[in-house]
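Report on the following structure.
The values are calculated or read from the model by the stated rules, or taken from the named source; none is laboratory data. Being a predicted model, the structure only gives us computed values, none of them experimental. Cβ placement follows ideal geometry from the backbone for every residue including glycine, while neighbour counts extend to all protein chains displayed.
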Amino acid sequence: MQSCKFAVRFLPLLLFAAFTSQAQTCLTSGDMDEATRSALVSAAQHDFDLLAHGDSASLKQASSASLASDFSGIESVVQENHANLSQIQASPRPPFLLKTDTTSANGEFLCGVFGARGQTADSAEFVIPNLPAGSYGIIMLDAAAKTPVVVTLILLQQNSAWKLAGLYVKNTQVAGHDAKWFADKAREFVSKGERRDAWLYFLEARDLALPVQFMTTQIGDKLYDESQANKPTDLPDAGPVELASGANKYQLTAIFPTAVGDDLDLVAKYQSPDVSNTAKTFQENEIVMKALLAKYPEFRDAFAGIVVRAVEPSGKDYGSMMSMKDIK
């Protein structure tokens, strides 16, 4: 899974207090009244049960009119996760309550207390651009399924009911390991001077630590800071990086980890003028694999294999995968 970058904000407490006096506000669980908190948890558990039973029809009935009008994406999520979540009970995390009086262009909500050094243990930041006016509950539920996941529900208040307005299911482990494991391994790589491996593992740790891409937390911010402190300058991030193999030169456009079964592999993408000749492209991919390991031998310590994808200007690509032990 490709890790995503997030903007990190460090706001003094005074500025936070001024911000929350405006049209956009966010309450943590501790700031809510008991009735609101209980209603959110109850609605979330009800919707999770429908998800776990694969009951798309009832979940659609429990949704806001806007979501129900285009429900195909949610139906796909239900189908994809039904088998894993069947017979599973979920544990809810403390909810958040977002309120906006007008459609929020930037959609930035700061929840809880922010200190001079940024977020605190119970705070969170949500960035949901163009969120329509209304009151929204956001609640995560941890499901200890065969493949552990966190389910995030966005609930829209309509009169006294909380209607489903968004549903996200995300694995909390990759290749059998959680965010803490990846962070610990990243620090081991730092101690060995393998900063490229460390950077990629910190990115994976942060991705796993955050339930959804539009949320940041104190843990997520700390992992971001650690990743930035160990960010290499010779891997593609802001722009392509040249990789040479003999007289050939390749423009790498992306490098990131991904789970392949029980393994963690490395994905590398590079620019190609044309991938229609698959036999030729396969050979090019193999050259790129070998050149990658020649330039960055530390990748052998961190990944079970490499997936190389040649990408032409149209966006069409062709990929090849090999295990590390087979790349000589």
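Restricting to the range 149-186, name every residue that is within 18 Å of I219 (Cβ to Cβ) and exposed (fewer than 15 other Cβ atoms within 10 Å of the Cβ).
Once the filter is applied, which keeps residues that are within 18 Å of I219 (Cβ to Cβ) and exposed (fewer than 15 other Cβ atoms within 10 Å of the Cβ), the range 149-186 yields K180, D184.
Conditions tested, residue by residue: (1) under 22 Å from D263 (Cα atoms); (2) in contact with a strand residue (DSSP E or B) (Cβ under 7 Å, 6 or more places away or on another chain); (3) among the hydroxyl-bearing types (S, T, Y); (4) part of a strand (DSSP E or B).
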{"residue": "D142", "(1), (2), (3), (4)": "no, yes, no, yes"}
{"residue": "K146", "(1), (2), (3), (4)": "yes, no, no, no"}
{"residue": "Q157", "(1), (2), (3), (4)": "no, yes, no, yes"}
{"residue": "Y168", "(1), (2), (3), (4)": "no, yes, yes, yes"}
{"residue": "F182", "(1), (2), (3), (4)": "yes, no, no, no"}
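Against the definition (at pLDDT 95 or above, of a type outside the set (D, E, K, R) and in contact with a Lys or Arg (Cβ under 8 Å, 6 or more places away or on another chain)), how does L164 come out, yes or no?
no
D221 is checked against (1) modelled with pLDDT of 95 or more; (2) closer than 26 Å to L293 by Cα; (3) surrounded by 17 or more Cβ atoms within 10 Å (Cβ to Cβ) and fails just one. What number does that condition carry?
That leaves (2) as the condition not met.
If I ask for residues that are of a type in the set (S, T, N, Q) and within 16 Å of L243 (Cα to Cα), which ones from the range 284-314 would you list? Show your work before the answer.
Quick first cut of the range 284-314, residues of a type in the set (S, T, N, Q) only: 285, 314.
N285 - this is the single residue of the range 284-314 that is of a type in the set (S, T, N, Q) and within 16 Å of L243 (Cα to Cα).
Can you run down the residue pairs with Cβ atoms below 8 Å, 6 or more apart or on separate chains, where the first is in the range 182-195 and at positive phi and outside the structural domain of A209 (by TED's automatic domain parsing) and the partner is at pLDDT 95 or above and assigned to a helix (DSSP H, G or I)?
As it stands, the answer is none, since no pair meets every condition given.
Among the residues of the range 284-327, which ones are crowded, with 16+ Cβ neighbours inside 10 Å, in contact with a helix residue (DSSP H, G or I) (Cβ under 8 Å, 6 or more places away or on another chain) and either among the acidic types (D, E) or in a helix (DSSP H, G or I) (or both)?
Scanning the range 284-327 gives L292, L293, E298, F299, A302, M324.
Do the conditions hold for K231, that is, is it assigned to a loop (DSSP other than H, G, I, E, B) and either in the same structural domain as A183 (by TED's automatic domain parsing) or basic (K, R) (or both)? Don't jump to the end; show me each part of the working.
Numbers: assigned to a loop (DSSP other than H, G, I, E, B): yes; either in the same structural domain as A183 (by TED's automatic domain parsing) or basic (K, R) (or both): yes.
Yes; evaluated as a whole, the condition is true for this residue.
Taking the conditions exactly as written (modelled with pLDDT of 95 or more, among the small types (G, A, S) and surrounded by 12 or more Cβ atoms within 10 Å (Cβ to Cβ)), does A68 satisfy them or not? Show your work before the answer.
Working: modelled with pLDDT of 95 or more: yes; among the small types (G, A, S): yes; surrounded by 12 or more Cβ atoms within 10 Å (Cβ to Cβ): yes.
Answer is yes for this residue.
Could you say which residue among D274, D237 is surrounded by fewer than 21 Cβ atoms within 10 Å (Cβ to Cβ), modelled with pLDDT of 95 or more and under 22 Å from R309 (Cα atoms)?
Details: D237 fails: modelled with pLDDT of 95 or more.
Checking each option against the conditions leaves just D274.
What do you reckon, is I139 assigned by TED's automatic domain parsing to the domain that holds S38 and at pLDDT below 95? Even if it seems obvious, please write down each step before you answer.
Numbers: assigned by TED's automatic domain parsing to the domain that holds S38: yes; at pLDDT below 95: no.
It is false that I139 is assigned by TED's automatic domain parsing to the domain that holds S38 and at pLDDT below 95.
P257 versus (1) at pLDDT 95 or above; (2) buried (at least 18 other Cβ atoms within 10 Å of the Cβ): which is the lone unmet condition?
Unmet for P257, out of (1) at pLDDT 95 or above; (2) buried (at least 18 other Cβ atoms within 10 Å of the Cβ): (1).
Among the residues of the range 71-83, what is the count of those that are in contact (Cβ under 8 Å) with a residue 40 or more places away in the chain and buried (at least 19 other Cβ atoms within 10 Å of the Cβ)?
Taking the range 71-83 first, the residues in contact (Cβ under 8 Å) with a residue 40 or more places away in the chain are 74, 77, 80-81.
Now restrict to residues that are buried (at least 19 other Cβ atoms within 10 Å of the Cβ): 74, 81.
Looking only at that region, the number is 2.
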